[in-house]
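Undergrad: One structure is given below, represented as C-alpha cells, and several questions about it will come after.
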C-alpha cells in the first residue's frame, strides 16, 4: 500500500508543473472573469451589479455593429482561408512534374514564414495605401479608374481588411490540404482512372471526401479564432474609421483599457465565451453525427 | 490524347505561376522599395533603382534588432516550455494508472473549450499584481499555459499509441518512469514533437494581442508589437517609407532563413496529420 502511494506521488509530481501553470494562468483568470462580468469593476473598486452589464450589452449600439462586422469577417475568412488553398492544392496535386511541384510547394509555404504583422503592414502601407502613390491606386489610375481610400474610407475599410493577402493562396492551410490529397492511396486513384473517372469527377467524389476532416478542422478553428481575434484592429485600424472595422474583441479591449470599465468588458468577454462554447458544442455534435453516418 | 494532357499540364503551370506572381509581387515591392532613397522612390516607384541604398538597413537594424532579440527569446521560451511540460504530463496520462487520472485529464480538456478572450482582462490584472507587466516572463508564462492543453491532448494520444511491450521491457530491466520517458518515448516521438514545436513557434512569433498588452516599453517590444510604432515614427520623421520597409525585411529574415535549412522537416511536421478532426 505504502509503496503504491510512493509511486502515485511520483506521477503527481510529474503533473505538477503543468497544473501549477494552468491553475495560475488559466483556471484562476477564467474563473475570475466569470465573476467580474457581474460587477462594475473599474480597476479600483468592484461591486456586484447582477445582470446590469448584460442589459447594457443589449443596448450597446457599437457592440451590435461589431457583431455584424465580425460575422462578415468570419464568413469571408472561411472562404478565403479554404477555397483558394484547396484550389492551389489541387493544382499542385495534378501536376505530373514532381520536382517542379515540390519547388512550387516550397515557394508557397515560404510566405507563411513572413511575420503576420509584416503582411499586414505591406498591405496597409504599400498595396492599399490611400495616396495616389499606393500600389493598387497606381494600377487603378493607370487603368483610368479613381484612387480609392481603402482603410481610410469607412465604406471600404472592412472590404480592404478582407483583401489583405490576395490571392490568399499558400501558407499552412494549403500545405495541409496538399498533404491530405497526397495521402489518397495510389490504388484508389488508379481504380478511378480505369473506371473512366475524369479529373472533375475525381475531385468531387474522391478528393473532397478525403480532405473533409482537414476542412472541418479549419472551419472550426476559423470560427473560434474569428470570434476572438482582433490583432489587426489592435495594431492598425483601432476599429475605425468610425466603427467600420470594430469587432467584439476590440470593443472589449477598448472598454477595459481605454475606458477602464473592466466589469463591463468582462461581461462582453463572457458573452463571447458562451457563443464560442455553443459553436464548439454544436460542432462536436455535428461531427459525431456525420461520423455515425459514415460508420 | 497525349497532346490534350500536355496542354492541360501547361495550363496548370501558367495558373500556378500567375498565382505565384500575385503572391510574391507585394513582397518583391517591399524588397525593392526598402533599398530606395526618398528621391529614388518618387522618380521610380515600382522598379529597381541604382545605386542600392543600404542606409535604410543600417537605420532599421538599430531599431528592429532588439525586437527580433525579444521575439526569439519569448517565442523560444514559450515553445520549449510547452514541449517540456506537456510531454511530461501527457506521458504520465498515457502510460500510468493512478487515482484521479480521468478527472485531471478532463480538467485539461475543458480548457480546450475555454477561449482566451474570457480571461484576457483578469489575466492582465493577475500579471500586473505579480509584477510581471513589461517583462518577458509576463508573456512567457501565460503563453506556456495557453499552449499546454492542446499539446497535452495531442501528445497523450500519441504516447498512448506507442507499443506497450517496449515499456514493459524497460520495467523488467528496472528503469524508472523518467528514464523510460527520456530513452523510449521521446526518441519515438520526434515527428509529432517537431510538428508541435513548429506550430508553437509560429503562434508565439505572430502573437499580437497579449504581447501588446503586457510589453509597454520600447526596449521590450517584439516584432509584432514594435513594427507599427516604428513605421509611424519613421514615416512622420522622414516622409520616406524606405527605413520602415527595410525593417520589415529584416524582421522577416529569421524564420525565412531557418525555413531554407529545415524546409523538409517543416513540411513533414506540418503535414503529419495532427491538424484534422
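The values are calculated or read from the model by the stated rules, or taken from the named source; none is laboratory data. Here the structure is a predicted model, which is why all the values come from computation and not from measurement. Here the Cβ positions follow ideal geometry from the backbone for every residue, glycine too, while neighbour counts run over all protein chains shown.
Undergrad: What are the residues in the stretch A:1-26 that are within 8 Å of another protein chain (Cβ to nearest Cβ) and within 36 Å of the chain's Cα centre (by Cα), if any?
TA: The answer is A:12, A:14, A:15, A:17, A:18, A:19, A:21, A:22, A:24, A:25, A:26.
Undergrad: Exactly one of these conditions fails for residue A:253: (1) surrounded by fewer than 19 Cβ atoms within 10 Å (Cβ to Cβ); (2) within 12 Å of chain B (Cβ to nearest Cβ). Give me its number.
TA: It is condition (1) that residue A:253 fails.
Undergrad: What number goes with the only condition from (1) within 18 Å of the chain's Cα centre (by Cα); (2) assigned to a helix (DSSP H, G or I); (3) crowded, with 23+ Cβ neighbours inside 10 Å that residue A:221 does not pass?
TA: (3)
Undergrad: Taking the stated definitions as given, is residue A:234 closer than 23 Å to residue B:124 by Cβ, within 12 Å of chain B (Cβ to nearest Cβ) and under 18 Å from the mean Cα position of the chain (by Cα)? Please lay out each step first, then the result.
TA: On the way: closer than 23 Å to residue B:124 by Cβ: yes; within 12 Å of chain B (Cβ to nearest Cβ): yes; under 18 Å from the mean Cα position of the chain (by Cα): yes.
Yes, satisfied.
Undergrad: Please work out which residue is nearest to residue A:211 (Cα to Cα), limiting yourself to the stretch A:171-192 and to residues that are in a loop (DSSP other than H, G, I, E, B) and more than 10 Å from every other protein chain (Cβ to nearest Cβ). Talk me through it step by step, then tell me what you get.
TA: Step one: list which residues in the stretch A:171-192 are in a loop (DSSP other than H, G, I, E, B), which gives A:171, A:183-185.
Still in the list and also more than 10 Å from every other protein chain (Cβ to nearest Cβ): A:184-185.
Details: A:184: 9, A:185: 13 Å.
Only one residue fits best here, namely A:184.
Undergrad: State all residues of the stretch A:5-48 that are touching a residue at least 60 places away in the same chain (Cβ under 8 Å) and assigned to a helix (DSSP H, G or I); if no residue qualifies, say none. Working first, answer last.
TA: Taking the stretch A:5-48 as the starting set, the residues that turn out to be touching a residue at least 60 places away in the same chain (Cβ under 8 Å) are A:33-34, A:36-43, A:46.
Residues satisfying the conditions are A:33, A:34, A:36.
Undergrad: Could you please let me know if residue B:135 is buried (at least 18 other Cβ atoms within 10 Å of the Cβ) and either at positive phi or out of contact with any strand residue (DSSP E or B) (no Cβ under 6 Å at 6 or more places or on another chain) (or both)?
TA: Details: buried (at least 18 other Cβ atoms within 10 Å of the Cβ): no; either at positive phi or out of contact with any strand residue (DSSP E or B) (no Cβ under 6 Å at 6 or more places or on another chain) (or both): yes.
Taking the combined requirement at face value, the residue does not satisfy it.
Undergrad: So, of the residues in the stretch A:158-170 that are surrounded by 23 or more Cβ atoms within 10 Å (Cβ to Cβ) and closer than 16 Å to residue A:122 by Cα, which turns out to be nearest to the other protein chains (Cβ to nearest Cβ)?
TA: Within the stretch A:158-170, the match that is nearest to the other protein chains (Cβ to nearest Cβ) is A:168.
Undergrad: Looking at the stretch B:18-36, can you tell me whether even one residue there is at pLDDT below 95 and away from chain A (no Cβ under 11 Å)?
TA: yes
Undergrad: Free of Cβ contacts under 8 Å to residues at least 40 places away in the same chain and within 27 Å of the chain's Cα centre (by Cα): does that describe residue A:159?
TA: Values: free of Cβ contacts under 8 Å to residues at least 40 places away in the same chain: yes; within 27 Å of the chain's Cα centre (by Cα): yes.
The answer is yes for residue A:159.
Undergrad: Related question: Mind listing whichever residues of the stretch A:229-241 are at positive phi and either in a helix (DSSP H, G or I) or in contact with a helix residue (DSSP H, G or I) (Cβ under 7 Å, 6 or more places away or on another chain) (or both)?
TA: Within the stretch A:229-241, the subset at positive phi is A:238-239.
The one that is at positive phi and either in a helix (DSSP H, G or I) or in contact with a helix residue (DSSP H, G or I) (Cβ under 7 Å, 6 or more places away or on another chain) (or both): A:239.
Undergrad: Now a separate question. Could you tell me which of the residues A:263, A:226 is touching a strand residue (DSSP E or B) at 6+ places or on another chain (Cβ under 6 Å) and in a helix (DSSP H, G or I)?
TA: Working: A:226 fails: touching a strand residue (DSSP E or B) at 6+ places or on another chain (Cβ under 6 Å).
Within the list A:263, A:226, the selection yields A:263.
Undergrad: Among the residues of the stretch A:147-162, is any under 29 Å from residue A:204 (Cα atoms) and touching a helix residue (DSSP H, G or I) at 6+ places or on another chain (Cβ under 8 Å)?
TA: Step one: of the stretch A:147-162, the residues under 29 Å from residue A:204 (Cα atoms) are A:162.
Still in the list and also touching a helix residue (DSSP H, G or I) at 6+ places or on another chain (Cβ under 8 Å): A:162.
For the stretch A:147-162, residues under 29 Å from residue A:204 (Cα atoms) and touching a helix residue (DSSP H, G or I) at 6+ places or on another chain (Cβ under 8 Å): present.
Undergrad: So, one more: Could you please give the count of residues in the stretch A:96-115 that are over 19 Å from residue B:243 (Cα atoms) and either within 8 Å of chain B (Cβ to nearest Cβ) or in contact (Cβ under 8 Å) with a residue 24 or more places away in the chain (or both)? Lay out the reasoning, then the answer.
TA: To start, the set of residues in the stretch A:96-115 that are over 19 Å from residue B:243 (Cα atoms) comprises A:96-113.
Still in the running and either within 8 Å of chain B (Cβ to nearest Cβ) or in contact (Cβ under 8 Å) with a residue 24 or more places away in the chain (or both): A:96-97, A:100, A:104-113.
Residues in the stretch A:96-115 being over 19 Å from residue B:243 (Cα atoms) and either within 8 Å of chain B (Cβ to nearest Cβ) or in contact (Cβ under 8 Å) with a residue 24 or more places away in the chain (or both): 13 in total.
Undergrad: Moving on. Exactly one condition in (1) within 25 Å of the chain's Cα centre (by Cα); (2) farther than 20 Å from residue A:26 by Cα is false for residue B:149; which is it?
TA: (2)
Undergrad: Further question on the same structure: Can you list residue pairs whose Cβ atoms sit under 6 Å apart, with the first residue in the stretch B:92-112 being more than 9 Å from chain A (Cβ to nearest Cβ) and modelled with pLDDT of 90 or more and the second being part of a helix (DSSP H, G or I) and crowded, with 18+ Cβ neighbours inside 10 Å? Count only pairs 6 or more apart in sequence or on different chains.
TA: Final answer for the pair search is B:94/B:156; B:94/B:159; B:105/B:93.
Undergrad: In the stretch B:229-240, which residues are modelled with pLDDT under 85 and buried (at least 22 other Cβ atoms within 10 Å of the Cβ)?
TA: B:234
Undergrad: How many residues does the stretch B:84-112 hold that are surrounded by 15 or more Cβ atoms within 10 Å (Cβ to Cβ), assigned to a helix (DSSP H, G or I) and in contact with a helix residue (DSSP H, G or I) (Cβ under 6 Å, 6 or more places away or on another chain)?
TA: Going through the stretch B:84-112 one residue at a time, the tally reaches 13.
Undergrad: Further, regarding this structure: If you scan the stretch A:193-231, which residues turn out to be within 13 Å of chain B (Cβ to nearest Cβ) and within 18 Å of residue A:96 (Cβ to Cβ)?
TA: A:193, A:198, A:199, A:200
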